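What follows is calculated from the coordinates using simple rules that are stated; it is not laboratory data. As the structure is a prediction and not an experimental result, all values here were calculated from the model. Cβ placement follows ideal geometry from the backbone for every residue including glycine, while neighbour counts extend to all protein chains displayed.
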């Protein structure tokens, strides 16, 4: 059953010409439509093979290195699971246990960790203006290393969240939408409200809303972005979203209130993030190690947040959505009023109604990451997948 | 030879009806006799296959997640070894590196770490009244996740030590006794003295003595528990021990001195633990983050301990045991007088005589954990084991 | 092509009688010439099989335990890669997360971590006079454990850097030299300058220069050691170097300046290390936990270093080497003037010219460690390697 499904998806995959082999996955907006489509297809195929208990261990050895420069549970585990699904061994670079502190160059470290590595997953979302640049630097370093015979293979750099994009999240979100609405085609013309929401916390990255507006406009959705004054996103992502909407037959609009964004929405994604100027100031303070300034900035930021406490995803607001039944989405963990905080992004009853759906949304991530690993690290991914089915090794005893 | 032995044990296993599949291993006293017997048999089979250099890699992929909420060497390594023996990849949830701190619900975290996980091993022995409850909460969460199609499989929660029980330890201890005395049957009527012993340390969990009195009474042993006033165990475990003694033809008695407990004992298990009221007070202080109170409590506890410095397993006391040759047991590390502390649980000469035996005792643990993993995660464990022998893949080059 | 090469090397390996099986790799000077030759050959064979995409997974299960008592990136990753190449699972003993702090004996811990372990890699280079002793203690403990039926196999202790030697580094360096000069035979009579160099840091171990002078004299090279007064090495290593030079037809000489050492050198290895008396004082202070004394010692050491700021590997000095083209070597990370520090061991332009070469030098380490693992843990290493080629399982999809 699931194998039949997988075979059909492999057939679709064969009609695409992805260009990810020996490359990286950093920003969705730098990827062709076929690359994005291929990642979704391979993730779906892997999910089907998982359900059919067919082993997807395509590597007999190899490391999947990771470097988390910010805390992570979900993505850390998703990366480890993706590696395990494919037969790679996850190996985390803990910068605090290394000699990296003292002036070792990024290009040197990149090569040192990359002998026998197939992938390098990086989370670097704390420093606005630096995270994506760091990933590009690592990619350039392993490129040189491969070219100059330092490395026996070209490890793929996979963005596990940077200052600009969070592609493993947004691609999982898209897979979730495809599953909930039946097909990618069915998403055309659907309205998704990506809105800021109040949280009693500070400094959440901008990468999720940026990822969502830049990806959902690619599939012809009508994307509405809403946030209080001062909570703008990085301008380049706004431009991409506008362009993609135009190119793909959807729309990208701005709203000044949650209510406007929620009106007739098919999907809502209410989530807190930090004001862009706070993130910039924070980056400077972190880089120069000024902890006094950071404490003061946090205080000001939380005060500013409090001015917008009415930006909450309440039952009343949900009633304004399409038939009162918009799909609620979140990258988790959500700040749930009365559950994880006194007042937060979402009413407890709203969250509870969609709780299991958000878990399923998150459940796509290991497979999306594995898909990125396969497409960057195998030349004929469709053939390799077909061979897995033909071989039919059980993943586990029944 | 070892394969022949394994075949005979598989034959025995086939006559049992264990009910562990898609379930958890939390407390031995909630398990049927057949379940306990099955765990011992599977552990023995795996030990034989290990010795015969037959690969026991039954999983081609899958994670064995762990969450150690207290320090651990032995059990951490035993869990990693068990996972490795079966082909699973150990993956530790380091709560300090995660976003869990801020109000994320247990049920959410449980699902987030469980996509593709076969087992979740948990150590949570610090908080009296909470450890077992936490494990049940995780088990309920993955139960819901599996039922509601969030998870593709139902990961088994395995208790790696809680506030009530330490089943991987006590089952290893039982396997050790079976090996030392020739059979489980030979243990009937043997006297085991589970006694408190002096240690210059503070706050050792109650789970080991509780585990021992509740498990050894299951196999018809005469269990004597001895401790100074105030060092009582959790009442429910005393009740279980009494009931099991009655049901299984052994006895459960209390003694007020080490000497009384040691008299004619076949086995002695002298070990320090904290007074139950200290553990309760400590739990409250830890939960409310009162470090001053903790320091004061530690001081009082250590003073109280010093009143019972004569509770030491000395050569003289050992002479009172059966023929002066009782088997000395310990879960390690022991507080050895003149070796690891000035005055501790056991005389250096006593410990040295049984040192290698205690190492062998510990050596069963990886196999016991692997047995729990197999019985919870494979439907026909006996068949799966038989197939391993038939296949006969070498674990390593000879 | 690479497989043909591997076959020829296996043929050479068959003519050797290495004695490493069921033993350890601690100090190169305690190893026979054939053992060293065998390690180099197996490393080369593994490199060829890696390039030919032939799986070298000789273990179906088993742990490669590590214990890093000092910071490490390169060696930590190299050890994990070596384990992965052979099918072992790396498992790090984090002493801060264990119960080891309180008086647990080394022999006990060694056995506890060693059930199912094939190797135990240890870095212990901080304490002069203790690191090697610690490794021998661990080796003796697992020897007893294996003999006394505690362990099912005898794990090999592998020195990942101690106070005396750094064999995985020096053997990688030698493989690099073999590759750069065409053969081991071509190294005879070549001059290598192992010289101290200025660094604005403190307390770098002596093990690299000691490893180099003791190993390169084994292959008939002319080794010159140069350092400022007070920066002597441990006397025993000087004696070994002298003896090996005599036995193998090379020479071991001392020089008082970098210029003298560099004159007509074919290879230069300029690197900072701490004065031996500082390391001794530091060891005492660390052992007794005197942080005030440590700060003062660091201050004095850095001052002493500054007296020798002219010990830098400059372009001018490089001109004094053979045809001005000596091969520059470094174990990395180097202190590069104007790159990783204001003034350091080497001019930026010199380092840049050899940068990729130093990366390749480091790239041998995973294979050298894997070779040590194979030779200590397989009885007929040549046969086992031959079987890998015959089987020809691809390591990864092409």
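Kindly rank B:241-249, B:24-32 from highest to lowest mean number of other beta carbons found within 10 Å of each residue.
The most tightly packed comes first, giving B:24-32, B:241-249.
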Inset, instruction - Name the most mobile residue of A:175, A:233, A:286, meaning the one with the largest mean-square fluctuation, in a Gaussian network model of chain A with Cα contacts below 10 Å. - result: A:286
Legend entry - Order by protection proxy (mean Cβ within 10 Å, highest first), peptides B:219-230, B:178-189, B:73-84, B:132-143: B:73-84, B:219-230, B:132-143, B:178-189
Inset, instruction - Report, as an integer, the average count of C-beta atoms from other chains found within 10 Å of each Cβ along A:47-57. - result: 2
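What FRET efficiency, computed as 1/(1 + (r/R0)^6) with R0 = 60 Å and r the Cβ-Cβ distance, is obtained for residue C:280 and residue A:298, rounded to the nearest 0.05? Provide the component values of the computation, followed by the final result.
On the way: r = 47 Å, r/R0 = 0.78.
Plugging the Cβ-Cβ distance into 1/(1 + (r/R0)^6) gives 0.80.
So for chain B, averaging the separation of alpha carbon pairs under 8 Å that are six or more residues apart and normalising by length, what relative contact order in percent results? Spell out each step's value before the answer.
Values: 780 pairs, mean separation 83.0, N = 398.
Dividing the mean separation by the residue count of chain B yields 21 percent.
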Legend entry - Where the Cα pairs of region A:168-362 fall when distances are cut into 5 Å bins, in %: 1, 8, 16, 20, 20, 16, 9, 5, 2, 1, 0
Legend entry - Inter-part distance where region B:177-244 and region B:45-63 are each reduced to a Cα centre, Å: 31
Inset, instruction - Taking each label point as 7 Å beyond Cα in the direction of the beta carbon, state the distances from residue A:352 to the same residue in the other copies, shortest first, in nm. - result: 6.5, 6.5
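Before rounding to the nearest 500, sum -39500 (n - 2.57) across all DSSP H runs of length at least 4 in the protein assembly as shown and divide by the residue total; then give [θ] at 222 nm in deg cm²/dmol.
Details: 45 runs with 561 residues, N = 1194.
So the helix-based figure for the protein assembly as shown works out to -14500 deg cm²/dmol.
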Inset, instruction - Tell me the label-point distance for the pair residue B:398, residue A:14, using the 7 Å Cα-to-Cβ offset, in nm and rounded to one decimal. - result: 4.6
Inset, instruction - List the distances, in nm to one decimal, from the label point of residue C:235 to the label points of the same position in every other copy, shortest first, placing each label point 7 Å from Cα along the Cα-to-Cβ direction. - result: 7.2, 7.2
Inset, instruction - For region A:311-350 and region C:263-306, compute the distance between their C-alpha centroids and round to whole Å. - result: 60
Inset, instruction - Counting only DSSP beta bridges with both residues in chain A, tell me the antiparallel percent, nearest 5. - result: 5
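Evaluate peptide B:113-122: per residue, the Cβ atoms of other protein chains within 10 Å of its Cβ; return the mean as an integer. Kindly include the intermediate steps, with their values, before the conclusion.
On the way: counts 7, 4, 13, 13, 3, 1, 0, 0, 0, 0.
Mean number of neighbouring Cβ atoms from other chains: 4.
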Inset, instruction - Among DSSP beta bridges lying fully in the protein assembly as shown, give the percent that are antiparallel, nearest 5. - result: 5
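Work out, in µm²/s and without decimals, the Stokes-Einstein translational diffusion coefficient of chain A at 37 °C, 0.692 mPa s, Rh from Kirkwood over C-alpha pairs. Don't jump to the answer; show the numbers that get you there.
Working: Rh = 21.7 Å.
Stokes-Einstein gives a translational diffusion coefficient of 151 µm²/s.
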Legend entry - Most mobile of A:14, A:290, A:320 in a GNM of chain A (Cα contacts under 10 Å): A:290
Inset, instruction - Give the span of region B:113-260's Cα atoms along each principal axis, as three whole-Å numbers ordered largest to smallest. - result: 56, 36, 25
Legend entry - Axis-proximal residue, chain B, for the rotation superposing B on A (Cβ, Å): B:89, 4
Legend entry - Average other protein chain Cβ within 10 Å of Cβ, residues C:79-91: 5
Legend entry - Highest-fluctuation residue, B:124, B:173, B:323 considered, GNM on chain B with Cα pairs under 10 Å: B:323
Inset, instruction - Express in % the proportion of alpha carbon pairs of region A:1-122 at distances exceeding 22 Å. - result: 47
Inset, instruction - Kindly give the distances from residue B:392 to its copy-mates, label point to label point, with each label point 7 Å from Cα along Cα→Cβ, as nm values to one decimal ordered shortest first. - result: 2.6, 2.6
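Viscosity 1.306 mPa s, temperature 10 °C: Stokes-Einstein D of the protein assembly as shown from its Kirkwood Cα radius, in µm² per second? Present the calculation step by step, with values, prior to reporting the outcome.
Numbers: Rh = 32.2 Å.
For these conditions, the coefficient is 49 µm²/s.
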Inset, instruction - Considering Cα pairs under 8 angstrom that are at least six residues apart, work out the relative contact order of region C:169-362 and quote it in whole percent. - result: 26
